[in-house]
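The values are calculated or read from the model by the stated rules, or taken from the named source; none is laboratory data. Model, not experiment: these values are computed from the prediction. A quick note on method: Cβ atoms are made from the backbone with ideal geometry, for glycine too, and the neighbour counts reach across all protein chains shown. Just so you know, the surface numbers come from the protein's heavy atoms only, side chains and all, with ligands and any DNA or RNA stripped out. Shrake-Rupley method; radii C 1.70, N 1.55, O 1.52, S 1.80 Å.
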Amino acid sequence: MFGQLLHDKRTAKNLTMQQLADLLSAKYNTKISSSMIFRWEKGAAPSLKALFIVAIELQTDLNQLATLVADSNRVN
């Protein structure tokens, strides 16, 4: 699941949700809040732009993240 992978990558880098949000906002000139990070880790789907930014910053394959998001949102 995307949220778990995001959590694992974030904590492996010793970043709080606020630190990650601040880093992404400043580095990529976009508004990402700690509450957004929290929602993503709990299962909400990020925008494509946010997904791309997260993939770059956490050095994770974008296709892998997109697949995890799609699988999480799939209705049975």
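Mind giving me the nanometre distance, one decimal, between the label points for Ala66 and Gln4, set 7 Å out from Cα along Cα→Cβ?
Inter-label distance under the simple model: 2.3 nm.
Protein chains only, probe 1.4 Å: how do Leu48, Leu62, Leu5 rank by accessible area, largest first?
My answer, sorted largest first, is Leu48, Leu62, Leu5.
Assigning unit charges at the beta carbon (Lys, Arg +1; Asp, Glu -1) and nothing else, what dipole magnitude in debye, to the nearest 20, does the chain show about its Cα centre?
In total the dipole reaches around 160 debye.
Quick one: helix 2-12 against the long Cα principal axis of the chain, what's the angle to the nearest 10°, folded into 0 to 90?
Approximately 30 degrees, to the nearest ten.
Of Ala12, Leu58, Leu48, which is farthest along the charge dipole of the chain in the positive direction, counting Lys and Arg as +1 and Asp and Glu as -1 at C-beta?
Towards the positive end, the residue furthest out is Leu48.
How much accessible surface does Lys27 have with a 1.4 Å probe, in Å² rounded to 10?
So the heavy atoms of Lys27 present about 120 Å² to solvent.
Once fully extended, how much extra length lies between Asn14 and Ser35, figured as 0.36 nm per residue of separation less the alpha-carbon to alpha-carbon distance?
That works out to 5.8 nm of additional length.
Is it possible to state the helix-based mean residue ellipticity at 222 nm for the chain, with each DSSP H run of 4+ residues giving -39500 (n - 2.57), the sum divided by total residues, to the nearest 500 deg cm²/dmol? What is it?
-20500 deg cm²/dmol
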